[in-house]
Ligand SMILES: NC(=O)c1ccc[n+]([C@@H]2O[C@H](COP(=O)([O-])OP(=O)(O)OC[C@H]3O[C@@H](n4cnc5c(N)ncnc54)[C@H](OP(=O)(O)O)[C@@H]3O)[C@@H](O)[C@H]2O)c1
């Protein structure tokens, strides 16, 4: 699958490498001209290409947005229309400035800016160093590190679940984009190293099931 990544920082680089190693065609971008990323793309290897932001969004059949939350307004909505967009972002007011989310979850707020995209929240609860190292495609699903996902489009979540499995993790579904408040910074499941089995138990407690 062609995957375009917006953001070539900690998470963007880790996902680019993991997904390219898993056999996908990956293009990355930052906030500048693609020329600034050529060396990095070369270092990442696996045929990863450097793009301008809009071109990365156009290139991807699926797009990953992994830029600082406060830059959400620069996400190019039109080339991502109709596509699955994985949103990894977390809102930190001290980094991102004061933004009125209007009571929405962070990803529902992003999705409002991308109204024709199929937004799935994922990878926001795992530190990039763990993302780089903890995937294990040999382990059974329940014993793999959990990656929490959320979204309003079940088919899109199925695709993201498959990608997560391909890189050695296990997707654990927290529900709709609004439900994804349960996996935002400051919650009990934001950060800890949980297997999928443990993660599902934690979720049951948090959601009162
Ligand atoms: N770090 C983690 O462990 C971690 C874990 C889970 C989730 N997250 C979340 O994931 C997001 C990315 O985190 P990160 O740590 O990878 O960030 P980072 O290392 O600071 O990198 C951010 C990247 O986004 C690019 N960027 C900034 N504005 C952009 C724009 N308007 N269009 C395209 N690219 C743009 C930057 O490019 P320039 O260099 O050109 O500015 C840079 O490549 C954040 O919301 C963060 O909270 C981070």
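The values are calculated or read from the model by the stated rules, or taken from the named source; none is laboratory data. None of these values were measured; they are calculated from a predicted model. Counting neighbours? That spans all protein chains shown, and the Cβs are built from the backbone with ideal geometry, glycine included.
At a glance:
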{"read-out": "From the options 94, 106, residue that is within 12 Å of the ligand (Cβ to nearest atom), farther than 20 Å from residue 21 by Cα and without any contact (Cβ under 8 Å) to a residue 12 or more places away in the chain", "value": "94"}
{"read-out": "Residue check for residue 152: crowded, with 17+ Cβ neighbours inside 10 Å, more than 14 Å from the ligand (Cβ to nearest atom) and more than 14 Å from the chain's Cα centre (by Cα)", "value": "yes"}
{"read-out": "Residue in the range 129-144 that is in contact with a strand residue (DSSP E or B) (Cβ under 6 Å, 6 or more places away or on another chain), surrounded by 21 or more Cβ atoms within 10 Å (Cβ to Cβ), modelled with pLDDT of 95 or more and within 21 Å of residue 6 (Cα to Cα) present", "value": "no"}
